[in-house]
1. Per residue, how much accessible surface does the range 41-88 expose to a 1.4 Å probe? Answer in Å², no decimals.
2. Which of the peptides 108-114, 145-151, 96-102 is most tightly packed, and how do the rest follow, going by the mean number of other Cβ atoms within 10 Å of each residue?
3. Please report the spacing between the Cα centers of the range 88-124 and the range 134-154 in Å, no decimals.
4. Along the range 63-69, what does the Karplus equation 6.51 cos²θ - 1.76 cosθ + 1.60 (θ = phi - 60°) give for ³J(HN,Hα), rounded to whole Hz, x for Gly and Pro?
5. Give the long-range amide H neighbours of Glu11: residues separated by 5 or more places, or on another chain, with amide H under 5 Å away, using H modelled in the peptide plane at 1.01 Å from N.
6. Check the straight Cα-Cα distances from Lys65 and name the aspartates and glutamates below 16 Å, setting aside those fewer than 8 residues away within the same chain.
7. For the range 60-131, just say rounded, prolate or oblate: build the C-alpha gyration tensor, square-root its eigenvalues into a ≥ b ≥ c, call rounded for a/c under 1.5, and beyond that prolate if a/b exceeds b/c, oblate if not.
Amino acid sequence: MPRARAREAGEVVLSKDDLRAVTAFAADCAETVLHVFETAHPDDPRPREAVETARAFARGGERGKALRDTAWAALKAAGGADTEAASEAARAAMAAAGAAYLHPLAQATQVKHILGSAAHAARAAEIVAGDHAASEAHLARSAGRATPAVVDVLARYPAAPGGGGRVGALLRDLDALIRPAHQPSGPDRPGRPRTAPDQPPGPGRCPGPHRQGPGAASPP
């Protein structure tokens, strides 16, 4: 879609390279806490499969059924986890697979697709340590993983939304760490022309965050 039309429609123009960069970042963040889930559920491969499928897309694969299926499976694993920390770790994996379906809409809620995996991972680390300092350190490491491409994509969107409980607060903290200072966000942000990818599924195909738990990004 031409940039002028995107502005009129309140949309953000994204390339597949943009989506791959965001998904790679999300997979990196989720992988840091996979052990939290796997220690509690050593025979359940669903969160790891979601992260591996996200990586396959980030490395050049196509979006499709595998991403959707593994994201939903990781979410189900989160719902059946024995501990809150394991549940958050599985949600981080779900968000990693769902990152490939970042919607080109200039809405604050879309930031959950970019940073949701890292926020859930930080919450898992915080619960394990029993200390907010653990999540702060985890967020700092996640911010360090954000490539220039991820920072560029984030800056096209409004700041992270309010609400979402503790995970929502961690999402906003990470957004503040990564988002370029004094840089406009949303579709009016100047930048190089980009080619739009295949249109991601519309919001109607994704269950709303209120169905996933506080601060959760929706699977595709």
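The values are calculated or read from the model by the stated rules, or taken from the named source; none is laboratory data. Everything quoted here is computed from the prediction, not taken from an experiment. Here Cβ is always computed from backbone atoms with ideal geometry, including for glycine, and neighbour counts include all displayed protein chains. These accessible areas exclude ligands, DNA and RNA; they are computed on the full protein's heavy atoms, side chains included. Shrake-Rupley method; radii C 1.70, N 1.55, O 1.52, S 1.80 Å.
1. 51 Å²
2. 96-102, 108-114, 145-151
3. About 13 Å separates the Cα centre of the range 88-124 from the one of the range 134-154.
4. My calculation for the range 63-69 gives 6, x, 4, 4, 5, 5, 5 Hz in order.
5. Ala106
6. Within the straight-line limit of under 16 Å, Lys65 reaches these aspartates and glutamates: Glu49, Glu52, Asp198.
7. Oblate shape, in that a/c is at least 1.5 and b/c is the bigger or equal ratio.
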